[in-house]
Structures are given as structure tokens and as C-alpha cells.
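A quick write-up on the structure given underneath.
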There are 2 protein chains.
Amino acid sequence: MNPHTATPRILDGIAIAAGIKAEVAHQVRQLGPQGITPGLAVILVGDVPASQIYVRSKVKTCGELGIYSEMITPPETITTEEMLDLIAKLNAREDIDGILIQLPLPAHVDTRRLLEAVAPEKDVDGFHPINAGRLLAEGYSGATTSRSGKLALAPCTPAGIMEILRRSDIPIAGKNAVVIGRSDIVGKPAASMLLNASATVTVCHSRTHNLARFTREADILVAAIGRSGFVTPDMIKPGATLIDVGINRITDQSQVDEFFPGDEARAALFAKRGSTVVGDIHPAAFALSGAYTPVPGGVGALTIAMLMQNTVTAARSRRSTLDRA
Amino acid sequence: MNPHTATPRILDGIAIAAGIKAEVAHQVRQLGPQGITPGLAVILVGDVPASQIYVRSKVKTCGELGIYSEMITPPETITTEEMLDLIAKLNAREDIDGILIQLPLPAHVDTRRLLEAVAPEKDVDGFHPINAGRLLAEGYSGATTSRSGKLALAPCTPAGIMEILRRSDIPIAGKNAVVIGRSDIVGKPAASMLLNASATVTVCHSRTHNLARFTREADILVAAIGRSGFVTPDMIKPGATLIDVGINRITDQSQVDEFFPGDEARAALFAKRGSTVVGDIHPAAFALSGAYTPVPGGVGALTIAMLMQNTVTAARSRRSTLDRA
């Protein structure tokens, strides 16, 4: 079968996320008889509307899965010292397994210092450098402890990418993986995980010359740069697996026509809402792929599920219910 | 000028190391009037002859540069708990700025746990996961503090590679760097540093298919796999910078003939000693390069110098004499 002409497989993030959430709910139910209810604290500073939407969605999912959640909403004027105080109290609380600081924070607080103040074993966003270091050393193993017997909590978005690949039986070992983007939140941890899963990994970024010569060799291409339809059909290897992390809102009819020509469902949605989203990969490139994550409904759909999994993993690890190897 | 026919530049690790050591000695002298003598504790367990040679060499260099050093030599039978106790005492000592645990340790002790027990700010080998995580996030900046105001102590061998490249004015940003090997000690941290220096970075390893197609595209090739002459002339891009981390001892005349045909100096050395060393890159490949690190006298020559630099950097950072950005 020529992958060039085969119909690409759609990697359905919503369905995969639903499966993970069902597993998490099951893990939560198993913890009940031991008197353990996993608990997540979410700190939401100020009044950023997008952040409020994200946080509400996280809190709602906690409720659905049986995870206790607590929303802490300090005013915009909170200082770094006050935040450190708040984090220290959450670090010390037995009933809180995960601490999430919703970003971005106001410019006057020291975000990096705050992220490092979260106890690594409660760092369900996987942003603490010790978790980044463990992930680089040991990779992502899902809901288990790491080689050192300590937990490497992985950032949710790249962990979601690994779950999509694994649950879709897409081989990683020995494959050529190319990651576009080198952020601490997506590109770098995705590279760490793919490398430890034995892919040959190339990280490309804004300073890369002749990007297409790298992307055209990719069996697995991860695009995480935040530029609408940046990866065009000429940049991919036919039959490749395309993982699109971008979620870019477009509001111009001309862009809808460019990215989704002849797509009536998308046109209707745009007519109704006045906007739609497109990933970092041009939809025309998906047509040449072997498999791809759609936008929306791909990688983005996994993020909250992975946060839930991290919270329960943190609870099981910290409260010593996980089997140690 | 065609790099194919130009004479390659030899990147003289011994000379670069001498420059770094002179700088370190100068930093030590500057600390004197403040009553600060940087101190390094080296823990050497048991009687591994190679380890004894390395440790003696480190202690000797400390003496030459004005760094206080202390060698602690527990018996082979020491337990993990006793080692943890020892490390805790060194962590607490004001006069000790760097703690080095000479590897390998006996199989019965938990090496990973011990490496994580070293206070990150005294981790002059750069092996603690928090330092690996900071290095991945922030890269290598030499003897300065990191973006977070905290110190990212980098492992000595890959830090030495960065010093060779920088001090030889070899451009990194936008270049294609390929690292062969994914160890926690060399390959991964080298990739972290090159990526943060804005190279496009590919990490290859034993599972990589068709390695040559990657290495042939490398402007900077780092070989760290421990296999004699593994990278052959057909695998490199003419004019590339070749960084050879391998130090492989050969004892067969046939290997000497294979790697160093017509090299009378090498033949004489081999005749005298019965062995010589060859890197991971075949010497015939060096001839096609733009620049290369010889073996011996290349990367290996930097390791102790970087340990000395890390010790003084740790002293300056911990004792608050470094300017904070």
C-alpha cells in the first residue's frame, strides 16, 4: 500500500482523552477504600479571561473523575513573597497532591521562582527543573514511578503526545522524530520523551536553516510553534505521523478559504462564530500523512486528561500506594 | 577556499584547558582577600585503580590552582545509608563548595540516590537532575548564574565541548549539530547546551537507522559512543567541526596500522607503551574536517579544568560573590 495515496488515519484526541479519564476515574475509585481522595489545588491570579476558562474546565473535570479540587484566587496585586507563602502551605498539606499555578502570572511576580517552589512530587504541570531533568534522564513511563523510584511528572501537553502515539500503536523506537519548537513546556520535554523512547530526535526552531530538509525526513513530526498552517505539504514525508500542537485562532474569511477550501462544516462554523482554529500544520499536509492529530480535537484534547492522570499518579506515589519496582 | 582541501584546524584541548585553569587560578586569587578558599571534596570508594588515578589528578590540579581539596576514601563495604550520611555532612560544611562522587560505585550502593543527595549548589559534576533540568531550560553560560538566578552546574565533559567551540570561535547558532550517543553524562547535556546555543540538534544513538544520513549533514559532529574509529570518512561532511569524546585504548598492532597508517610518532609511542588511544572518529575523517579535537589532547583535556571552574563557580555563587543580573 502506498502511504501517499492511502487515506490518513485521524488520531482522535477526544476519544483517547475519554479513555484516559475513564482510567483515572477507576484509579480514583480504587483509592477510596484506602481513605485517599486525590486533591488538586489550582492557583489563579487576577482576572485573565482565558485563564479563568481553562481553570474552570480543569476544576469541572476533577469533579467528574472524583478528584477533590480547590481553586485559590489571589488578587492581581499579590507579591512573590505572598505567593511563596501560599505555595509553602499547599506543599505542606496532606490532602493536596497536585499544585497547579495557572500561567501567565502578572509581570511583577517571579514566575520561575514560584514554579521552583512547588514541591516536585506535587508538580502536576511538570514544570519544576528537577522533573525536567528526570524526564530527560528517564523518559516518560506513564502512570508509574521512574527508574530512581522517584516520580518524574511530565508536562501535560507532551505527555499527551506520547499517549496518542502509544495508544495508536505508532512505532517510535528507531524512527526519525522531528520537533519544531524548543519551548520548556512542549518542544524540549517532547524531545526528551521521544529520545528516551528510542527515536532519533531532531529539534528545530526559529534559528534552523532550511527547515524543510529536516521535516521532510520525519517519520513523526511534532509542530509546536504557534503559527497558523506553517508546515505546508511540501515540507512533509508522505505517510508520516503528524502531531499538531498549535491552536491558532483565525478570524479572517480569507484564512478560512486558504486553510479549509471546500470544507463546508468548517465554513458553517466560522459563519456562526466568526472564528475557527487552525493548527501549525496546514490541513493540506494532513492529506499526505499516514496519521495526524486534527485541530481541534487532537493534542489539545489530552491536556486536561493528562493533568488528571498526573494528579492521581502524584497521589498514589506520594501516599505510597504504587508498587515500587 | 574549498574546505575539502584546506588543512583542518586542530582544536588543542590542552592549550584551551591551560587557559581555563589560568582563569580559575585568577578567580581563586581574587577570592582570597574575601577570606574565601574554594573547597572540593572527592569521595573515592574502594580500590578501583583507574578511579584512583583520576582522583589523584583532580586533587593535584586543585593544589596547583589554590583550591582546597579533601579526599574521602570509604571502604568498598560502605552502605548507601552511610554514604548518605557522609554526603549530608559535606552538604552542611561551609568550607566545602563542591562534592564529587567518583564513579563507578560498588554495585550494592544506590548510585542514583546518592547523586540526588548531593546539594545541587555543590554538584560540581552536574549530575543532579535539577541541574540537568536547568541546563535543558537555560543552557550553558560558563561561569555565571542562570536566568533564574540559580546556578546551573553543567557536567564537565560537555561543558568542555562548549568551551572548545566558543574559544575557537566556531559558530553554533543556526548550525546543524549532530550528537552521537545519549548518555546522561555527555550526549544529553551536550544536546541541551547546543540547542540552547541555537543549533539545530539531532541526537543519534544505537537505535538510529542509517546513521550516516544524519552525520553527513552535521556542521558540528559530537561523537560520544566509546567505539574505536566508529565515524568513518564517508560519514562526515567535508569541512565540518568534529568533536571526539571517545578515548578508546587499543593494544593490537593491526589496529594501530588501521587507524594510524604512516604515523611514525604514534607507532613509536605504541612500540614503547604497548598501547595507544583512538577516539570514536576515525583519524582519516579528521583529514576532511574543517576543525577537529585530537585524541588524546582534545575534549578529554578539558574535563578537569571544567571541574575546577565549576568548583570556583559554586564557591562564588554559594558565597554570594557573583554579580546577580
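Of note:
- Rounded to 10°, Cα long-axis angle of helix A:49-65 versus longest principal axis of chain A: 70
- The distance between label points at A:LYS272 and B:ALA92 comes to 6.7 nm (points 7 Å beyond Cα on the Cα→Cβ vector).
- 10 Å Cβ neighbours from other chains, averaged over peptide B:207-216: 3
- Tail weight of P(r) past 31 Å, computed on alpha-carbon pairs of the protein assembly as shown, percent: 57
- GNM top mover of B:GLY279, B:GLY239, B:GLY63 - chain B, alpha-carbon springs below 10 Å: B:GLY63
- Karplus (6.51, -1.76, 1.60) ³J(HN,Hα), θ = phi - 60°, over the range B:181-195, in Hz, Gly and Pro reported as x: x, 10, 6, 5, 8, 10, x, 5, x, 4, 4, 4, 5, 5, 5
- Inter-label distance, nm, simple model (7 Å from Cα along the C-beta direction), A:ALA212/A:ILE72: 5.1
- Sites A:ALA6 and B:GLN52, calculated FRET efficiency, Cβ-Cβ separation with R0 60 Å, nearest 0.05: 0.45
- Normalised by the number of residues in chain A, the mean separation of alpha-carbon contacts (under 8 Å, six or more apart) gives a relative contact order of 23 percent.
- Remark on chain B: Rg and Dmax equal 20.1, 61 Å (Cα only).
- Other-chain or far-sequence residues with amide H under 5 Å of A:VAL277's (modelled H): A:ILE250
- Per residue of peptide A:194-204, the mean number of Cβ atoms on other chains within 10 Å of the residue Cβ is 6.
- Take the Cβ atoms of A:GLN34 and B:ARG249, set R0 to 45 Å, and the FRET efficiency comes out at 0.20.
- Legend: ranking of residues A:ARG182, B:ARG319 from fewest to most surrounding C-beta atoms inside 10 Å; resulting order B:ARG319, A:ARG182.
- Each other copy holds its own label point for A:ASP234; taking that point as 7 Å from Cα along Cα to Cβ, the gaps run 3.3 nm, nearest first.
- Going by neighbour counts of Cβ atoms within 10 Å, the residues B:VAL28, B:VAL178 line up, fewest first, as B:VAL28, B:VAL178.
- Proximity of backbone amide H atoms, modeled 1.01 Å from N, is registered between A:HIS205 and A:GLY181 at under 5 Å, excluding neighbours fewer than 5 places apart on the same chain.
- For the range B:49-89: span of alpha carbons on each principal axis (Å, largest first): 34, 25, 9
- Degrees separating the helix B:156-167 axis from the principal Cα axis of chain B, which is the longest one: 60
- Translational diffusion coefficient (Stokes-Einstein; Kirkwood radius from C-alpha pairs) of the range B:185-229 at 25 °C, 0.890 mPa s, in µm²/s: 215
- Considered as an equivalent ellipsoid built on the Cα gyration tensor, the range B:1-108 has semi-axes of 33, 23, 11 Å, the largest given first.
- 11 Å reach of a label modelled at B:ASP85, 7 Å along Cα-to-Cβ, counting backbone N of the range B:95-111: none
- For the range B:241-288 versus the range A:84-117, the gap between their alpha-carbon centres in whole angstrom: 55
- Counting only GluC sites (Glu not before Pro) that DSSP places in a loop and that have at most 14 other Cβ atoms within 10 Å, the longest clean stretch of chain B runs over B:95-325.
- Other protein chain Cβ atoms within 10 Å, averaged over every residue that makes up B:185-191: 2
- Computed from Cα atoms, the angle from the helix B:80-92 axis to the main principal axis of chain B rounds to 70 degrees.
- FRET efficiency, A:GLU64 to B:ARG166 (Cβ-Cβ, R0 56 Å, nearest 0.05): 0.60
- Per-residue ellipticity at 222 nm, computed for chain B from helices alone with -39500 (n - 2.57) per DSSP H run of at least four residues, works out to -12000 deg cm²/dmol.
- With only the Cα atoms considered, the range A:159-300 has a convex hull volume of 106 Å³ per residue.
No lab work stands behind these numbers, since they all come straight from the coordinates. The structure presented is a predicted model; accordingly, all values stated were derived computationally and were not measured. Note that we place each Cβ from the backbone using ideal geometry, even for glycine, and neighbour counts take in every protein chain shown.
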